[in-house]
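Okay, so here's the structure we're looking at.
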Amino acid sequence: MKNISLSPVTRVHAPYRFLCPIRSRRQLVAFALFLVFGLPFITVLLKLYDPGAPLAYILIPALVGGCIPVFALLPARLSVATRFHAGHLAHTLDASILALGYARSESFTTGAHYQPAQRKWPGWQEGDIAVTVLEHTIEISGPVFAMRALQQKLAR
């Protein structure tokens, strides 16, 4: 698309969020449940599979794997600048976001709000995408993984 320019995906969270990425009580509860039930379950299964494996070789990868979804939901922003009125790009943007597995939860003249189409428990709002339409710019904010995927879709 020659008439649009995409900004790089920028993270909009405080630097300390890399040390503590949990942003809500729901995320904290889900992560605590993973630590209390999921991590011991994975550890027991892998210990049964290979009794000689050192415990650290099981626990550390399981813990890191459990942290990946929390880090993927850190907030980011993407801007799409157009030469024409940004509202004309709204249909293309809407189709791209819907193709990522999101559903429009509310729509208004200056933007829209999307949430994962199949939101599972615990239903974190950190995965939602907000779109704001300005005169020649569309500001999109949401989780960093979704912003990067959307940027790739729009760049095609």
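Is there a residue being modelled with pLDDT under 90 and farther than 21 Å from ARG23 by Cβ anywhere in the range 64-79?
Checked the range 64-79: no residue is modelled with pLDDT under 90 and farther than 21 Å from ARG23 by Cβ.
Of the residues that make up the range 36-45, is at least one touching a residue at least 24 places away in the same chain (Cβ under 8 Å) and over 24 Å from ARG156 (Cα atoms)? Walk me through how you get there before you give the answer.
The first filter runs over the range 36-45 and keeps only residues touching a residue at least 24 places away in the same chain (Cβ under 8 Å), leaving 38-39.
Checking which are over 24 Å from ARG156 (Cα atoms) leaves us with 38-39.
Yes - at least one qualifying residue is present in the range 36-45.
Every residue in the range 60-83 that is in a helix (DSSP H, G or I) and either within 28 Å of SER96 (Cβ to Cβ) or among the aliphatic types (A, V, I, L, M) (or both), please. Break it down stepwise before answering.
Narrowing the range 60-83 to residues in a helix (DSSP H, G or I): 60-72.
Once the filter is applied, which keeps residues that are in a helix (DSSP H, G or I) and either within 28 Å of SER96 (Cβ to Cβ) or among the aliphatic types (A, V, I, L, M) (or both), the range 60-83 yields ILE60, ALA62, LEU63, VAL64, ILE68, PRO69, VAL70, PHE71, ALA72.
Answer yes or no as to whether GLY38 is assigned to a helix (DSSP H, G or I) and not assigned by TED's automatic domain parsing to the domain that holds ILE129.
Taking the combined requirement at face value, the residue satisfies it.
Whether any residue in the range 25-33 is touching a strand residue (DSSP E or B) at 6+ places or on another chain (Cβ under 6 Å) and either outside the structural domain of GLU139 (by TED's automatic domain parsing) or within 30 Å of VAL133 (Cα to Cα) (or both) is what I want to check. Walk me through it before giving the result.
Taking the range 25-33 first, the residues touching a strand residue (DSSP E or B) at 6+ places or on another chain (Cβ under 6 Å) are none.
No, every residue in the range 25-33 fails to be touching a strand residue (DSSP E or B) at 6+ places or on another chain (Cβ under 6 Å) and either outside the structural domain of GLU139 (by TED's automatic domain parsing) or within 30 Å of VAL133 (Cα to Cα) (or both).
Would you point out the residue of the range 142-156, among those that are touching a helix residue (DSSP H, G or I) at 6+ places or on another chain (Cβ under 8 Å) and buried (at least 17 other Cβ atoms within 10 Å of the Cβ), that is modelled with the lowest pLDDT? Write out each step before concluding.
Taking the range 142-156 first, the residues touching a helix residue (DSSP H, G or I) at 6+ places or on another chain (Cβ under 8 Å) are 142-146, 150, 153-154.
With buried (at least 17 other Cβ atoms within 10 Å of the Cβ) added as a condition, the list becomes 142-146, 150, 154.
Values: GLY142: 90, PRO143: 90, VAL144: 90, PHE145: 90, ALA146: 90, LEU150: 92, LEU154: 87.
Of everything passing the filter in the range 142-156, LEU154 is modelled with the lowest pLDDT.
Would you check which residues across the range 84-124 are assigned to a loop (DSSP other than H, G, I, E, B), at pLDDT 85 or above and among the small types (Gly, Ala, Ser) and list them?
GLY101
The values are calculated or read from the model by the stated rules, or taken from the named source; none is laboratory data. Since the structure is predicted, the reported quantities are computational estimates derived from the model, not experimental observations. Positions of Cβ are backbone-derived with ideal geometry, glycine not excepted, and every protein chain shown enters the neighbour counts.
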